[in-house]
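To start, the structure itself, in structure tokens.
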Amino acid sequence: MKIVLIQLVLIAVVILTAVRLLRGRGARTQAVRRLGLMLFAALAVWSILFPSVWNRIAKVVGVGRGTDMVLYALVVAFLSFTLTTYLRFRDFEARYTKLARRLALDESGPPQPPQGVPAQQEQPHAGS
Amino acid sequence: MNDTWVVIPVYNEEQVIGDVVAQVHTAFEQVVCVDDGSSDRSGDAAARAGARVVRHPINLGQGAALQTGFEYALADPSMKYVLTFDGDGQHQIADALGMVDRLRAGEADVVFGSRFLDERSKPTFGKKMVLRAAVGYTNITTHTRLTDAHNGLRAISRPVLEQIKITQNRMAHASELVAQIGAAKATYVEHPVHILYSDYSKAKGQSLWNSINILADLILR
């Protein structure tokens with residue numbers, strides 16, 4: 001069964017990317033991501049100049065045609081892109097939530113405990 | 001009852017929020033409405049009814065509004081209990097009072113409202129199924145035993161509140177809240193509450209489709 005190798009490779013890549021992206025988001029992760037991107041670009045250029053390179057890669061890992069190989073690679077790339085974007089979006093959302101909350105709380109002022117009869121204190125403000 | 005703050009998240013409830021606040025005021029002195037960036041004049045209506053209003057500059061979601069309300073209440077050193085209450089008028093004051101009384105009696109650290117402990121609430125069949133599934137998921141993932149995890153009526157005591165940090169801005173916060181209360185090893189009880197499904201609250205309520213979004217939010221934490 002020839003397809004087993006590509007299946008193994010793809011699954012490994014998917015899991016590795018996911019683990020990579022889910023764990024630390026420090027300088028190293030970013031560096032790895034950028035290296036990956038550079039590698040991807042280099043490969044893209046290479047395959048534009050020599051389209052047959054995909055066929056060779058496909059043969060090595062056991063896929064029938066180079067076009068299939070490109071499709072698989074794209075699926076992996078797209079999934080990892082979706083995940084990164086989602087996580088970055090979540091980070092961003094958490095940050096602006098904090099900012100908006102700080103603004104809202106500062107604007108409303110502190111919750112002074114009502115002394116005596118709070119309802120009457122609120123009334124003139126409410127009437128205006 | 002100056003030791004209790006009622007937190008009401010409000011998003012576009014201009015029609016009813018005034019009445020809701022007035023009603024809550026009959027039993028609780030301290031009410032804070034978190035206006036979650038409403039596009040109508042909900043915040044003004046709440047303020048006119050006598051509530052303190054904290055205004056989110058932009059819409060962030062109900063979970064974020066609750067967390068803002070919690071932080072507001074925590075800034076009051078004399079606060080001992082917080083009650084969360086929905087802004088659409090589906091909750092009953094008597095239930096709320098009963099829940100705070102149980103906290104005060106020292107029965108537990110947290111009292112959750114549940115619409116499934118008696119037969120008063122009449123959710124539609126679809127809603128019932130989704131809520132059952134939601135609480136099942138919450139129970140499995142948080143090691144708690146509840147009958148209704150997505151009920152907006154909750155009473156929480158200060159020490160527990162201090163440990164709560166809601167990060168789920170949208171509706172998944174209900175499960176997150178339960179998870180954090182479970183992780184804080186707080187004691188909890190459920191209190192039977194009556195959810196009044198008015199035409200208004202039905203129109204405003206969660207679409208059943210949203211349960212899928214909630215699940216996705218929880219899984220992709």
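Every number in this text was worked out from the coordinates using simple rules, so none of it is lab data. Remember, it's a predicted structure, so these values are computed and weren't measured experimentally. For neighbour counting, all protein chains shown are included, and Cβ atoms are generated from backbone atoms with ideal geometry for every residue, glycine included.
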Using Cα centres only, tell me the gap between the stretch B:1-42 and the stretch A:27-100 in whole Å.
-> 49
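By its C-alpha gyration tensor, with a ≥ b ≥ c as the square roots of the eigenvalues, how is the stretch B:1-66 shaped: rounded for a/c under 1.5, else prolate for a/b larger than b/c, else oblate?
Judged from the Cα gyration tensor, the stretch B:1-66 comes out oblate (a/c at least 1.5, b/c at or above a/b).
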Computed E for B:Arg41/B:Asp19 - FRET, C-beta separation, R0 22 angstrom, nearest 0.05 | 0.90
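Which three numbers, in whole Å and largest first, are the semi-axes of the equivalent ellipsoid of the protein assembly as shown derived from its Cα gyration tensor as √(5λ)? Before the final figure, lay out the partial values.
Values: eigenvalues 485, 102, 66 Å².
Ellipsoid half-lengths, sorted descending, are 49, 23, 18 Å.
Given Cα pairs under 8 Å that are at least 6 residues apart, what percent is the relative contact order of chain B?
Numbers: 428 pairs, mean separation 50.9, N = 221.
Once normalised by length, the contact order is 23 percent.
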Give the total of Lys-Lys pairs in the protein assembly as shown with Cα-Cα distances below 27 Å; include a pair only if its members are 8 or more places apart or on different chains.
-> 15
Along principal axes, largest first, the alpha-carbon spread of chain B in whole Å comes out as 42, 37, 35
Amide H to amide H under 5 Å from B:Val6: which residues, 5+ apart in sequence or cross-chain, H placed 1.01 Å off N in plane?
-> B:Gln30, B:Val31, B:Val32, B:Leu83
Residues B:Lys127, B:Lys202, sorted so that the one with the fewest Cβ neighbours within 10 Å comes first = B:Lys202, B:Lys127
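Going by how many other beta carbons lie within 10 Å of each one, how would you line up A:Met38, A:Met69, B:Met129, B:Met171, fewest first? Don't skip to the answer; put the middle values down first.
Values: A:Met38 10, A:Met69 23, B:Met129 13, B:Met171 19.
In increasing order of surrounding Cβ atoms, one gets A:Met38, B:Met129, B:Met171, A:Met69.
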Shielding score for A:92-103, defined as the mean number of other chain Cβ atoms within 10 Å | 5
Integer Hz, Karplus 6.51/-1.76/1.60 couplings in order for the stretch B:159-165, x for Gly and Pro | x, 6, 4, 5, 9, 8, 9
Could I get the Rg over Rh figure for the stretch B:105-159? Both from C-alpha atoms, Rh via Kirkwood, rounded to two places.
-> 1.00
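Please return the longest stretch of chain B lacking exposed loop sites, where GluC sites (Glu not before Pro) count only if DSSP places them in a loop and at most 16 other Cβ atoms lie within 10 Å.
Between the exposed loop sites, the longest stretch runs B:1-106.
For B:Trp5, A:Trp54, which order do you get if you count the other beta carbons within 10 Å of each Cβ and list the fewest first? Walk me through the intermediate numbers first.
Values: B:Trp5 29, A:Trp54 20.
Listed from fewest to most nearby Cβ atoms, that is A:Trp54, B:Trp5.
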Computed over the Cα atoms of the stretch A:4-106, the Rg and Dmax in Å are 18.4, 64
